[in-house]
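Below is one structure, written out as structure tokens, with a few remarks after it.
Every number here is computed from the coordinates shown, using simple stated rules; none is lab data. Because the structure is predicted, anything quoted here is derived from the model rather than measured. Note that each Cβ is placed from the backbone with ideal geometry, even for glycine, and that neighbours are counted across all protein chains shown.
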Amino acid sequence: MIRGALTAIAVLLAGAAWAQDLVLPAASALVAEQVDPATDTPFPTAAWGAFDPVSARASGTVTRRVWRIASEGLTTLQILGPLRDQLVAAGYAVDFECADIACGGFDFRFALELIGEPDMHVDLGDFRYLAASRGVDGSSGRVALVVSRSHAAGFVHLTSIAPAEPGAAAPQSGAPQVTAPPLPGPPTSTNGLAGAIATTGHAVLGDLVFATGSSELGPGPFASLDALADWLTDRPEVTVVLVGHTDASGSLDQNVALSRARARAVRDRLISAYGIAADRLGAEGVGYLAPRAPNDTDAGRQLNRRVEVILPATE
């Protein structure tokens, strides 16, 4: 049995003569659902570059669901591991499993068809994927899981592919059937960011979106800014510095200017949308001088393009 902060939320894997209850982490809320009665969807069983995106697909009734997990202490492995174990116990065979860069990073993630932001957030440096099937060639169903995190919460994306049955308008045989009760209130969104700052002195605002080569911040909403604004509101004595980073494309001077402009765009959003005092927010840019990953791959460059919040030293 799975240990820790978990709660049963009616995940049924129906078979010919039995059903298996699964569990998701505590404080899980179903935030999005899509059902396509007869279609196909990507179902890779290898890392990017080792499968054909055109042929690596499965067809049937495709159901996509997303849960947001308010529990702050769980890693992506801690979220995925129990779900994998339960699928195996329910008769599924794991076809493939990988983590972020090993999957193929940016290219692999965008080869998938996932429910998008803000419902499903994928941190390209911290996500896990699992494909599993039951029966010969998935004749009793296929499942694909993507698990990721933001600073505010964890996210689980479940794609169920049920093979069509003759005469059935919306066949469901073998596909996980999942419902989740709503949370009694909005999930607390500050503990993850606060924990990162307390541990390392900084936190990456990992879900921000900028146009390519531009300092224009997308409209949002962005969970990381919600969390940061809540954290700053609860600590009126604290000042922070927003630091922009880029990949290594272009000259250093150009990238320093772009990264600083992006940090200032985030500062402006915190002031205009959240009412944070301007004198509490610095904005700087360091271009490509502090990478998180190598700049010789698309996935690495994607990781390096970011804005971080830094807690300055206090006397």
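Values as computed for the structure displayed
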{"read-out": "Likely footprinting exposure, Ile161, Ile197, Ile310, fewest C-beta neighbours within 10 Å first", "value": "Ile310, Ile197, Ile161"}
{"read-out": "Separation in nanometres of the label points that stand 7 Å from Cα toward Cβ, at Asp298 and Thr233", "value": "3.8"}
{"read-out": "Spin-label model distance (nm) - Asp85 vs Glu216, 7 Å beyond Cα toward Cβ", "value": "4.9"}
{"read-out": "Cα shape, the stretch 29-123, gyration tensor, a/c 1.5 rule", "value": "rounded"}
